[in-house]
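K.L.:
Questions regarding the structure given below will be posed in turn.
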Amino acid sequence: MAAEGRTRRLDLAVAALAERQHGVVSWVQLARLGMRRNGLYARVAAGRLHRLHRGVYGVVGPRLLRIEGHWLAAVLALGDGAALSHRSAAALWDLMPATARASDVTVGRNVKPRAGIRLHRVRSLPDEHITIRNAVPCTTVARTIVDLAGVVPPRRLERALAQAEALRLYDRKAIEAVLASNPRRPGSRTLRTLVGGRDPSTTLTRSSMEERFLALCDRTGLPRPECNLPFTLPDGTEIVIDAFWSSAALAVELDSRGFHSSWRAQVQDRRRDAQLVLAGLKPLRFTEGDLTSGANTTIALLRQLLGNASDRGRS
């Protein structure tokens, strides 16, 4: 009876720990709770614990673990001083979508590679570059962005900066401090350019169509518009303009088929355009086809409108 009582108390302690850690525990933690090796093996054999990495276990199977559980398991597998980093840390901070790829973990010492973990070895990982978010040890936002610069394309990095600004996580001085301590990190030149440029929030897109439009502008050498600009119409309606060039008073709306094809939506769009005209702006609408098969015509029109505005500014 006494043995059964100890086993029950131990199982309750393991369950409480796992609940705080997204369903994941390490052998080191289990041993601290008083579990012995034979107890561990018995629970694994009974299907009450599931091996995720060497020395790391889940109270449910891998397929039932949420992404945070897999991230924490990867960090625990590499031991003290390890931190979730790069793409995985960016997803944890909500700077970019999570993927099903292996978890990125950085560690400041020599460790053996582990299956399912994308290992990043560095000479040192300062304590001030590590924090905890949602119970997962991870790199700080600034360190995450610096690491991200070396593994994603410039536009993806720019979107992460914009998302950080939108979430009020963007700290230019902190990013520059991490860059100063890692001057030769891959992607540092691109990141310095982006950090020293325009307000990151003005480049945050909300849809794949907006992202394609911005990419089209970049590819053809058009000046970047301000994206998703909050605006109050003369009748008091609060709207968000998809793309806006203040120099030309040009307000571009991107009409996806799903949201703008109904009769009611088209009536609302015409009323909105009329209000934009009353506000002194030039409304312009583009569809999916205008960005694909009709891209040349679209760019020619934009170039003419922006060029005319520039000519008036010089006269």
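K.L.:
With a 1.4 Å probe and all protein chains left in place, how much of the accessible area of the range 173-251 comes from carbon and sulfur atoms, in whole percent? Spell out each step's value before the answer.
P.N.:
Numbers: 2170 of 4020 Å².
Carbon-and-sulfur percentage of accessible area, whole number: 54.
K.L.:
Here's another thing I want to ask about it. Tally the DSSP beta bridges in the chain and give the antiparallel ones as a percent, rounded to 5. List each step's numbers first, then the result.
P.N.:
Working: 21 of 33 bridges.
Around 65 percent of the beta bridges assigned by DSSP in the chain are antiparallel ones.
K.L.:
Where the only charges are on Cβ atoms (+1 Lys, Arg; -1 Asp, Glu), what is the dipole of the range 191-235 about its Cα centre, to the nearest 20 debye?
P.N.:
Numbers: 6 positive and 6 negative charges, 51 e Å.
With only Lys, Arg, Asp and Glu charged at Cβ, the dipole is about 240 debye.
K.L.:
Sort the following peptides by mean Cβ neighbour count (other Cβ atoms within 10 Å, averaged over residues), highest first: 100-111, 185-196. Walk me through the numbers before you get to the answer.
P.N.:
Values: 100-111: 17.8, 185-196: 15.9.
Per-residue mean Cβ counts within 10 Å order the peptides as 100-111, 185-196.
K.L.:
Roughly to the nearest percent, how much of the accessible area of the range 1-136 is carbon and sulfur, given a 1.4 Å probe? List each step's numbers first, then the result.
P.N.:
Numbers: 3980 of 7900 Å².
Answer for the range 1-136: carbon and sulfur cover 50 percent of the accessible area.
K.L.:
List, largest first, the extents of the alpha carbons of the chain along their principal axes, each in whole Å.
P.N.:
90, 49, 36
K.L.:
Rg(Cα) of the range 72-161 divided by 2.2 N^0.38 Å? Walk me through the numbers before you get to the answer.
P.N.:
Numbers: Rg = 12.0 Å, N = 90, 2.2 N^0.38 = 12.2 Å.
Compared with the compact-globule rule of thumb, the range 72-161 sits at 0.99.
K.L.:
Further question on the same structure: Tell me the Rg and the Dmax, in Å, that the Cα atoms of the range 131-290 produce.
P.N.:
Cα-based Rg and Dmax for the range 131-290 come out at 18.7, 57 Å.
K.L.:
Sticking with this one: So, for the range 1-125, what is the accessible surface per residue at a probe of 1.4 Å, expressed in square angstrom? Intermediate results must be reported in sequence, preceding the final value.
P.N.:
Values: 7170 Å² over 125 residues.
The answer is 57 Å² per residue.
K.L.:
Here is a follow-up. Just to verify a number: what accessible area does ARG303 come out at with the full protein assembly present, 1.4 Å probe, Å² rounded to tens?
P.N.:
For ARG303, solvent-accessible area is about 110 Å².
K.L.:
Sticking with this one: Which residue, LEU194, TYR170, VAL141, has the largest displacement toward the positive end of the dipole of the range 124-198 when charges sit on each Cβ (Lys, Arg +1; Asp, Glu -1)?
P.N.:
Going by the charge dipole, the pick is LEU194.
K.L.:
Something else now. Hydropathy at least -1.0 by Kyte-Doolittle, axial extent at least 15 angstrom from the Cα trace: which helices of the chain, defined as entire DSSP H runs, fit? Numbers along the way, then the final one.
P.N.:
Details: long enough: 2-20 (28 Å, -0.17); 67-78 (17 Å, 1.46); 154-166 (18 Å, -0.83); 208-220 (18 Å, -0.34); 263-278 (23 Å, -1.05); 295-314 (28 Å, -0.27).
Membrane-span-like by this criterion, though nothing is claimed about a membrane: 2-20, 67-78, 154-166, 208-220, 295-314.
K.L.:
Taking only DSSP H segments of four or more residues, each worth -39500 (n - 2.57), what value at 222 nm results for the chain once the sum is divided by all its residues, to the nearest 500 deg cm²/dmol?
P.N.:
-14500 deg cm²/dmol
K.L.:
Please give the contour-minus-distance gain from THR287 to ALA300: 0.36 nm per residue of separation, less the Cα-Cα distance, rounded to one decimal in nm. Before the final figure, lay out each step's value.
P.N.:
Numbers: separation 13, 0.36 × 13 = 4.68 nm, distance 1.56 nm.
Roughly 3.1 nm would be gained on extension.
K.L.:
Would you mind getting the accessible area per residue of the range 186-302, heavy atoms of the protein chains only, 1.4 Å probe, in Å²?
P.N.:
On the way: 6300 Å² over 117 residues.
On a per-residue basis, 54 Å².
K.L.:
Now, a different point. Based on alpha-carbon atoms only, what is the radius of gyration of the range 1-119 relative to the globular estimate 2.2 N^0.38 Å?
P.N.:
1.12
The values are calculated or read from the model by the stated rules, or taken from the named source; none is laboratory data. Owing to the predicted nature of the structure, the values given are computational and were not obtained by experimental measurement. Here Cβ is always computed from backbone atoms with ideal geometry, including for glycine, and neighbour counts include all displayed protein chains. For accessibility, only protein heavy atoms count, side chains too; no ligands or nucleic acids. Shrake-Rupley method; radii C 1.70, N 1.55, O 1.52, S 1.80 Å.
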